[in-house]
Amino acid sequence: MPSENVIVGLDIGTTRVSAVVGEYNENGVFQIIGVGTSPSEGLRRGVVINIEATLKSVAQAIDAAEMMSGRLVKGVYTGIAGGHIEGINSRGVVAVTGRGREITKEDIDRVIDAAKAIVIPMDREVLHVIPQEFVVDEQGGIRNPIDMIGVRLEAEVHIITGSVTSAQNLVKCVNRAGFKVNDIVLESLAAAKAVLSSDEKELGVLLVDLGGGTTDILVYLEGAPYYTSVVPLGGAQVTGDLSILLKTPVESAERIKRESGACYLPLVDTEEVLIPGVGGRPPLTIPRREICKIIQPRVEEILGMVREQIDRKGFLRHLGGGVVLTGGGALLPGTAELATEVFGLPTRI
């Protein structure tokens, strides 16, 4: 039965597609009632490169979520990520026009429109405009200026843009699988809503979403996003390194990574790991430490690239809330310890 209060999230990732069905129960509490995942075939580094394959993965994931929830899915909110995502900070200024110089919702909409009026290339579109702070007559740090009295209203906003074609291909996959896209949400913004506490956002926090094909970065300062970026490397590169150096197929490299992988040498014990033989060759055993020695440099490189980006922008010294890791890559034992070392900041998963 399709019902009005069902909300469906769809995450089309490089390694898998996940669908989540949630609804408000009679007490108005939001509950997750169905989850479905399927392996993702048609993406590279977060961007659709094969519509047919992606469409199949989307249909499978949503079917599984429908089965589990007993609901019929019609529209979805889908996440977007990939190397084409860029965040820009901008500001707008308007004169307050209301009666008695009182700031109204219309003034706020106008000032955000003014801040949004930046020149972006033809091949990009605005995905989100998030207010950081408002300034009323030189008085800054205001979160919500409604009903305040002033002559001049300014807004500082964070604008997230993405490639028009990447977004269109994403929507096309979902449409052709038989569903409507209600809205597109930046993956890292959705992750931040789910995992960051309001204290962390206030103190300044770095969210690192370690995905399969990309690593998404989001910096929050004083409760609002200030920096968005993507590093075009992820867990798939770690699996690739294992596959090449252990001379084993990608599937078994992925399994070894999941079952025996770690990325912080001091935590690894001396046990042996079985590497399956290929083409009739006998299997080998190697110490788990050797596997860690392959994985750690790659994860360190990815975290190092993140550090370099936020350091270059001058945000590193403002992160009182530390670092929060999420995504499949964060499940590797030792990721938090390694990140603490790389960033010199407290880290949680």
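The values are calculated or read from the model by the stated rules, or taken from the named source; none is laboratory data. For clarity, every value in this text was computed on a predicted model and none was experimentally measured. Please note: Cβ atoms are built from the backbone with ideal geometry, for glycine as well, and neighbour counts cover all protein chains shown. Just so you know, the surface numbers come from the protein's heavy atoms only, side chains and all, with ligands and any DNA or RNA stripped out. Shrake-Rupley method; radii C 1.70, N 1.55, O 1.52, S 1.80 Å.
Okay, here's what the table says:
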read-out	value
Between 0 and 90°, nearest 10: helix 250-260 axis offset from the chain longest Cα axis	80 degrees
Residue-count net charge about residue 306 - beta-carbon cut-off 12 Å; Lys, Arg +1, Asp, Glu -1	-3
Probe 1.4 Å, protein heavy atoms only - accessible area per residue of region 57-179 in square angstrom	50 Å²
Charged-residue dipole, Cβ positions (Lys, Arg, Asp, Glu), region 280-349 about Cα centre, Debye nearest 20	100 debye
Residue 97 accessible area, 1.4 Å probe, all protein chains in place, Å² to nearest 10	100 Å²
Coil-residue trypsin sites (Lys or Arg not before Pro) of region 283-334, DSSP, other Cβ within 10 Å capped at 15	313
Straight-distance crosslink candidates among lysines, where the alpha carbon sits under 16 Å from residue 56 and sequence neighbours closer than 8 are dropped	172, 180
C-alpha long axis of helix 288-312 to longest principal axis of the chain, angle in °	20 degrees
Sparse-neighbourhood loop sites, trypsin sites (Lys or Arg not before Pro) in region 113-176 - DSSP loop, at most 13 other Cβ within 10 angstrom	143
Partner lysines for residue 313 [C-alpha distance under 28 Å; skip if fewer than 8 residues away on the same chain]	116, 193, 201
In Å², nearest 10: area of residue 68 left accessible to a 1.4 Å probe	120 Å²
